[in-house]
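The values are calculated or read from the model by the stated rules, or taken from the named source; none is laboratory data. Keep in mind it's a predicted model, so treat the numbers as computed, not measured. Please note: Cβ atoms are built from the backbone with ideal geometry, for glycine as well, and neighbour counts cover all protein chains shown.
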Amino acid sequence: MIIDAHLDLAYNVIRGRDVTRPAAEQPYVHNETATVGLPDLRAGGVGLVCATLFTASVEHGVLGTYSTPDEAHAAAMRQLDIYRDWQARGLIEVVTEISPDAAAAGDVTRAILLMENADPIRSPDEVGQWYDAGVRVVGMAWKQTRYAGGTGAPGPLTPAGVELVRAMDRVGMIHDASHLAEESFWQLMDLSQGPVIATHSNCRAIVPTDRQLSDVMIQAIAARDGVIGINFFDRFLLPPAEYGKRRATLADVVRHVQHICQLVGDTRHVGIGTDLDGGIGREQIPEEIETAADLPRVAEALSAGGFGDEDVRAVMSANWMECFRRYLPAG
Ligand SMILES: [Zn+2]
């Protein structure tokens, strides 16, 4: 069983893809060859994913779908409805808790709902409604949001962001630190005793941009028993000197995994959060991966990189499984 902590499934439906079909039958959108359909996830043994409600402000370019909090709310609700529809059709199972026996892969891909960019939460007192709707992980930023500084937008939590952190902690929502600006990240770590993970972020030591995590940020997440999901976007995998000169490979993924393991001194705080369908296509991911059905090759690459069987299992699923069991306990 494989756990992928970051896929933008519903967002791709909004972009015109039928994600219930295999990637090979989905249209080429924005110069990207599709890599993720629900049948590919099943074929790859991907039994659990974090599935996003991803929205972006029109201020932030072509991905943008909203300009007011109400529009952001409506955009995220449309994506929630897509997951509910799939669940009603037996295509996925939206899960809000993880039971101890959840490690066995079922026939249906399970999905933990993750809100990426908190602008659809119109005010912090709406957190409970999103929690009741099934959302269990929230990342406050993408770029700048009403709550936090984000990628390419350095800065602190806003006053509403401070309130949002407190509201999330009251209901037990997991914080996703991916995309958080550094200043906002450290404020979150100070303010909150709640769970902090990074669903799709790589190592700034290899790719020095604010989108990736610095070594001290990685250590802080690990110290809080969080897990970091390695992102498969080549721009986030390859050192700048190599980007654009060669395709990324799974050895580049392994390099980020190794960096985190060496830094924190164990193999317990890293997993995968591929973001394979996050506005990128087959052209921008490791060349060994044609579709999500090829994700078992990541395990082979880890083995080839010197990881033992137990550590391979840890990275492919067990670390995320343990994390979600701890923070989304059954019953
Ligand atoms: Zn993202």
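Take the residues in segment 3-55 that are among the β-branched types (Val, Ile, Thr), away from the ligand (no atom under 16 Å from the Cβ) and surrounded by fewer than 23 Cβ atoms within 10 Å (Cβ to Cβ), then tell me which one is nearest to Ala74 (Cα to Cα).
If we take residues in segment 3-55 being among the β-branched types (Val, Ile, Thr), away from the ligand (no atom under 16 Å from the Cβ) and surrounded by fewer than 23 Cβ atoms within 10 Å (Cβ to Cβ), then Val13 is nearest to Ala74 (Cα to Cα).
Quick one: in segment 261-276, which of the residues that are touching a strand residue (DSSP E or B) at 6+ places or on another chain (Cβ under 6 Å) and within 20 Å of Arg235 (Cβ to Cβ) is farthest from the ligand (Cβ to nearest atom)?
The residue in question is Val270.
Take the residues of segment 193-218 that are away from the ligand (no atom under 16 Å from the Cβ) and surrounded by fewer than 16 Cβ atoms within 10 Å (Cβ to Cβ): which is farthest from Arg326 (Cα to Cα)?
Only one residue tops the list, namely Pro208.
Since Val137 meets every condition but one in (1) within 16 Å of the ligand (Cβ to nearest atom); (2) hydrophobic (A, V, I, L, M, F, W, C); (3) surrounded by fewer than 17 Cβ atoms within 10 Å (Cβ to Cβ), which condition does it not meet?
Condition (3) is where Val137 drops out.
How many of the residues making up segment 242-263 are among the aliphatic types (A, V, I, L, M) and farther than 12 Å from Ile218 by Cβ?
Residues in segment 242-263 being among the aliphatic types (A, V, I, L, M) and farther than 12 Å from Ile218 by Cβ: 5 in total.
Has segment 149-157 got at least one residue that is out of contact with any helix residue (DSSP H, G or I) (no Cβ under 8 Å at 6 or more places or on another chain) and away from the ligand (no atom under 16 Å from the Cβ)? Steps first, please.
Within segment 149-157, the subset out of contact with any helix residue (DSSP H, G or I) (no Cβ under 8 Å at 6 or more places or on another chain) is 151-153.
Applying the additional criterion that residues be away from the ligand (no atom under 16 Å from the Cβ) yields none.
Within segment 149-157 (the criterion being out of contact with any helix residue (DSSP H, G or I) (no Cβ under 8 Å at 6 or more places or on another chain) and away from the ligand (no atom under 16 Å from the Cβ)), the answer is no, since none of the residues qualifies.
Can you tell me which of (1) away from the ligand (no atom under 15 Å from the Cβ); (2) within 18 Å of the chain's Cα centre (by Cα); (3) surrounded by 18 or more Cβ atoms within 10 Å (Cβ to Cβ); (4) in contact (Cβ under 8 Å) with a residue 24 or more places away in the chain is the one Asp225 doesn't meet?
Exception for Asp225: condition (3).
Would you be able to say whether some residue in segment 258-276 is modelled with pLDDT under 95, at negative phi and in contact with an Asp or Glu (Cβ under 8 Å, 6 or more places away or on another chain)?
No: segment 258-276 contains no residue that is modelled with pLDDT under 95, at negative phi and in contact with an Asp or Glu (Cβ under 8 Å, 6 or more places away or on another chain).
Report, by residue number, each residue of segment 185-223 that is assigned to a strand (DSSP E or B) and within 22 Å of Ala248 (Cα to Cα).
Ala198, Cys203, Leu213
Please pick out the residue among Ile82, Ile121, Ile174 that is buried (at least 23 other Cβ atoms within 10 Å of the Cβ) and either closer than 29 Å to Ala318 by Cα or touching a residue at least 60 places away in the same chain (Cβ under 8 Å) (or both).
Details: Ile82 fails: buried (at least 23 other Cβ atoms within 10 Å of the Cβ); Ile121 fails: either closer than 29 Å to Ala318 by Cα or touching a residue at least 60 places away in the same chain (Cβ under 8 Å) (or both).
Going through Ile82, Ile121, Ile174 in turn, the sole match is Ile174.
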